[in-house]
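All remarks here apply to the structure that follows.
Throughout, read-outs are computed from the coordinates displayed, never taken from laboratory work. This one's a predicted model, so the numbers in the text were calculated from it and none came from an experiment. For neighbour counting, all protein chains shown are included, and Cβ atoms are generated from backbone atoms with ideal geometry for every residue, glycine included.
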Amino acid sequence: MIQITFFAVAILSLQPTCWCFSSRANAFFVTRKYQQHGSSALKAAGNEVVNGATAINGVTGEVVPKKKVIVLGGDGFCGWPTSLYLSDQGHDVVIVDNLSRRNIDIELGCDSLTPIQTPEIRIQAWKEVSGKEMKFVNLDIAKEYDLLVQLFQKERPDTVIHFAEQRAAPYSMKTSKTKRYTVDNNVSGSNNLCCAVADAELDIHIVHLGTMGVYGYGSSGGEIPEGYIDVTLPDGRAKNILHPAYPGSVYHTTKCLDALLWQFYQKNDNLRITDLHQGIVWGTNTPQTIKDDRLINRFDYDGDYGTVLNRFLMQGALGVPLTVYGTGGQTRAFIHITDTAKCLELAVLNPPEKGERVKIFNQVAETRRVRDIANMVAAQTGVDVNFIPNPRAEAAENELDVSNRNFCNLGLEPKTLDATLFDEVTTIVNRFKHRCNPTKILPASFWNKARAEECKTIDPTSIQIKDTVKDKSVAAA
Ligand code: NAD
Ligand code: USQ
């Protein structure tokens, strides 16, 4: 009865350009296309009338059934803003994290440039600013298997988003200890997740954050499709297979191993799985994290965890020459953090059918060459571009052409690199630059002995933050 009333009101108030009804999981939902996305009138109607049974698709503006989502790794750089975004759209969110990333900060003697609060304070702050509850569970998904199964049985989620992996390529290549930790943690976590979903006997949709790096960065000579590729086998047999894996670090290798686990468990246990091959994420805050200082997102800037564009923006703001590795000829895929959250929402709302093969989406906005990005940041900030020996074993130059049609077909209009968005990051960096440890800026992990030898001239103590810059930031703090 409540739903009938709601849909009557929703239909009368929406004036869609086109819509239809369908039924899934015993609930009706409205599919419609809007001329304008994200109408606030629609939000008000949805939230008021159904009293929490629905959520909003922030990309298309559709009213959708609310989902219960467990976010593994929800304390991290991508997981935290995604959790807030999903909660803001009306979904029920439970965060699971073992805080290993915070412990690695201690191990490396480095910290997020932004002062991130404990999970408890973050969740309390979100409740105060939004009125919405989220739970936090401290659990190691790679080691605490029984607790993971029990959690699934207790919470009965519709979806589990899996961000909970060691995600830095340089950290994964640092020592034999970090190589082994990365494989143990990432592969065990993903295997445990699949086993736990099967053991819990629940129809849970797994959404995993993979990486563009599974395809490799050679120049394949054409567009990289989304996960699967048409090939011709000997004797002219046509086949569509998983794209060959060509990882460039131990970390990227774990994502290739994950991809095989998804294939196996989908086939064997009939699991619903979506694997998102994400490019390099940049930016820091989102419309949710800026609502309160206590919600601020992590910002990694060091040579192990900082990713290239955020590092360059930070270096530009500090007046430090930009650290371009080798010729800077590497072309990579990029996506802004606000779009990461939107892609996750689209994946959560569009699970594969039972029995469907693993859905694979490329989660990228655009591709850019590293030295071109450095030139953009240098032009904006006036710092020099410094070409330093490459600590990584990677192709000096590569082209990259990537399909992102799956997300675009679901309505995503991703943000591309632009000066206004650069300004947002620069503002954050300016505010917290007094927290930067300049000895952590240069690379400190080398892919092999030859790379380490070539990088011997790199001196971590050589980086000087311009005094005027540092004084100003301390005064502003
Ligand atoms: P992050 O390190 O900031 O977050 C990962 C979180 O997972 C951390 O909070 C960590 O404590 C937690 N975690 C790790 N192992 C765990 C375990 N065994 N049990 C419970 N929690 C565990 O990383 P991020 O940048 O947010 O990346 C999230 C995911 O997205 C990763 O899988 C990464 O590979 C993928 N990804 C990230 C980027 C990027 O540019 N940041 C790009 C593409 C893909
Ligand atoms: N680079 C520089 N200077 C720097 C830092 C990096 O020239 O100061 C270069 C690197 O040599 C590399 C490129 O920039 O060619 C990208 O490096 P990165 O550290 O930004 O990204 P990467 O190691 O590939 O890893 C990051 C995330 C990882 C994610 C991956 C997506 O840490 O979790 O999977 O981006 S992708 O690159 O598409 O595989």
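Antiparallel DSSP bridges in the chain: what percent, to the nearest 5? If I count the DSSP bridges inside the chain, around 35 percent turn out antiparallel. Gyration tensor analysis over the Cα atoms of the chain returns equivalent ellipsoid semi-axes of 36, 27, 22 Å (largest first, whole Å). Counting other Cβ atoms within 10 Å as a rough exposure proxy, the listed residues Thr331, Thr323 run Thr331, Thr323 from fewest neighbours to most.
The spacing between the range 255-305 and the range 74-115, judged by their C-alpha centroids, is 11 Å. For Lys291, a cut-off of 13 angstrom between C-alpha atoms picks up these aspartates and glutamates, skipping any fewer than 8 places away in its own chain: Asp88, Glu128.
Rounded to the nearest 10 degrees, the angle from helix 250-269 to the longest Cα principal axis of the chain is 20 degrees. You can think of it this way: the chain between Gln263 and Leu233 has 8.7 nm of extra reach, that is 0.36 nm per residue less the Cα-Cα gap. Across the range 275-375, C-alpha contacts under 8 Å between residues 6 or more apart give a mean separation that, scaled by the residue count, equals a relative contact order of 41 percent. Against the main long axis of the alpha-carbon atoms of the chain, helix 176-200 sits at an angle near 0°. What net charge do the residues around Glu394 carry, taking every other residue with its C-beta under 15 Å from that of Glu394, with Lys and Arg at +1 and Asp and Glu at -1? Taking every other residue near Glu394 into account, the sum is +2.
Tell me the angle of helix 467-476 to the major Cα principal axis of the chain, expressed in degrees between 0 and 90 and rounded to the nearest ten. Result, in degrees: 40. Residue separation of Glu133 and Arg431 scaled by 0.36 nm, minus their Cα-Cα distance, works out to 104.3 nm of gained length. Scoring 71-77, 89-95, 427-433 by mean Cβ neighbours within 10 Å over their residues and listing the highest first yields 71-77, 89-95, 427-433.
Residue pairs exceeding 23 angstrom between C-alpha atoms, taken from Lys174/Lys456; Lys68/Lys359; Lys177/Lys359; Lys179/Lys440; Lys67/Lys267; Lys68/Lys135: Lys177/Lys359; Lys67/Lys267.
Note: relative contact order over the chain, using C-alpha pairs below 8 Å and six or more positions apart, is 16 percent.
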